[in-house]
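Participant: Mind having a look at this structure? Questions to follow.
Just so it is clear, none of the values below were taken in a lab; they were calculated from the coordinates. As the structure is a computational prediction, the values presented were derived from the model and not from experiment. Glycine also receives a Cβ, built like all others from the backbone with ideal geometry; neighbour counts cover every protein chain displayed.
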Amino acid sequence: MRRLLILPAAFLTLLMHAERERLTVRTVAAQPGERSPAVLPETPAKDAEPLLPMLKADPDSKITALSKNGTLFLEVLPNDKGRRVHVAAEVCMREGPLECLLCKKNTKEHEAIIRTEMDAYLIHAALIAAGAKTGTPVQFVNPKTFEADYKPATGERVKVLVHYRKGGQIHTHPAQEWIWNFKTKKAMDPDWVFSGSRFVRDPDRPNDPPYYTANSGEIVSISNSPDATLDLPVEITKDDAQLSFEVKTDRVPPLLSKVWLILEPTPGKK
């Protein structure tokens, strides 16, 4: 008898809501002192790599499409021994300082390695469908005293892998290997946590659906951000990120190459 995959009601609610009223993507303009958004070519270069077939953790895993355009999938291992989320993305930057690993298309390509067309709202919901539990976004200021009071992002730890082709070879490895700490001369170390971003309402349009702030750019962040879906549970300010982390160019495929981002919740680890 074939097992039926029952998705959590939270995911189905978010999916129906997002399909009914698509959230507006807010492009973030560069502020004084920041780099201007990257201008990418409209078509991939000849050496850009196509999207590989999805990499299953087990040949018998059940794959469920969570989007109509084939960019978001849920993988359930046999006997439900684990679940993973697969997000189709593309390379948007190969050199320079970093603040994000993954951004929403047309937002922060000038400081992220890969971007996706997928609504960050649905990536959040897919992680819930994969069994991940949200925590809390990073805090910089005490909301009662308005004094500086840093508290790191919390949430279930999520392993982040990248799967792609480069130089005629297929590569699968932790996304940290793309992020080079040029102070320590090593790849970035910490795992991400599912901090969950924020939902905010426009006070001038109270009847509009709440806006999921990760759609402003920071879906998988390196510098701490309360808007990130996945954040690092260690203190890294934007200045720290700009001064410490850069793209490991020799590991990243050509610009606009297609990449699978694999998100694997690790239950019990925070």
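Participant: Note down the magnitude of the dipole of segment 195-270 about its Cα centre, charges +1 on Lys and Arg C-beta and -1 on Asp and Glu C-beta and zero elsewhere, to the nearest 20 debye.
Facilitator: Using Cβ point charges on Lys, Arg, Asp and Glu, segment 195-270 gives about 300 debye.
Participant: Sort all Cα-Cα distances of segment 194-254 into consecutive 5 angstrom bins from zero, then give the percent of pairs in each bin up to the one containing the longest distance.
Facilitator: Result returned by the calculation: 4, 18, 18, 18, 17, 11, 7, 4, 2, 1.
Participant: For labels at THR237 and LYS81 in the simple 7 Å Cα→Cβ model, what's the distance in nm?
Facilitator: Reported label-point gap for THR237 and LYS81 is 4.6 nm.
Participant: OK, next. Applying 1/(1 + (r/R0)^6) with R0 = 30 Å to the Cβ-Cβ distance of ASN207 and GLN139, what FRET efficiency is obtained, to the nearest 0.05?
Facilitator: Efficiency computed from Cβ-Cβ geometry: 0.50.
Participant: Taking every pair of alpha-carbon atoms in segment 72-112, what share in percent sits in each 5 Å bin, from 0 to the bin with the longest distance?
Facilitator: 5, 20, 20, 14, 11, 12, 9, 6, 1
Participant: Over the Cα atoms of segment 124-229, each weighted equally, I'd like the Debye log10 I(q)/I(0) at q = 0.17, 0.19, 0.22, 0.24 Å⁻¹, rounded to two decimals.
Facilitator: -0.97, -1.11, -1.27, -1.33
Participant: Cross-link list LYS108/LYS151; LYS46/LYS105; LYS159/LYS185; LYS185/LYS248; LYS104/LYS133; LYS62/LYS133: which exceed 18 angstrom alpha carbon to alpha carbon? Walk me through the intermediate numbers first.
Facilitator: Values: LYS108/LYS151 25 Å; LYS46/LYS105 21 Å; LYS159/LYS185 22 Å; LYS185/LYS248 11 Å; LYS104/LYS133 22 Å; LYS62/LYS133 21 Å.
From LYS108/LYS151; LYS46/LYS105; LYS159/LYS185; LYS185/LYS248; LYS104/LYS133; LYS62/LYS133, over 18 Å: LYS108/LYS151; LYS46/LYS105; LYS159/LYS185; LYS104/LYS133; LYS62/LYS133.
Participant: While we're here: Segment 63-160: D in µm²/s via Stokes-Einstein (Kirkwood Rh, Cα pairs, 20 °C, 1.002 mPa s)?
Facilitator: Calculated translational D: 137 µm²/s.
Participant: What Kirkwood hydrodynamic radius do you get for segment 172-211 when you take the inverse of the mean 1/r over all pairs of distinct Cα atoms, in Å? All intermediate terms of the calculation are to be shown ahead of the outcome.
Facilitator: Numbers: mean 1/r = 0.0733 Å⁻¹.
Computed over Cα pairs of segment 172-211, the Kirkwood hydrodynamic radius comes out at 13.6 Å.
Participant: Please report the base-10 log of the normalised intensity I(q)/I(0) for segment 140-183, using a Debye sum with one equal scatterer per alpha carbon and no solvent, at each q in 0.17, 0.20, 0.29 (1/Å).
Facilitator: Values, matching the q order: -0.72, -0.81, -1.00.
Participant: Could you give me D for segment 223-267, from Stokes-Einstein at 4 °C and 1.567 mPa s, where the hydrodynamic radius is the Kirkwood radius over C-alpha pairs? Units µm² s⁻¹, please.
Facilitator: 97
Participant: Just subtract the alpha-carbon distance of ASP58 and GLU246 from 0.36 nm times their residue separation and send over the number in nm, one decimal.
Facilitator: Length difference between fully extended and current span is 64.4 nm.
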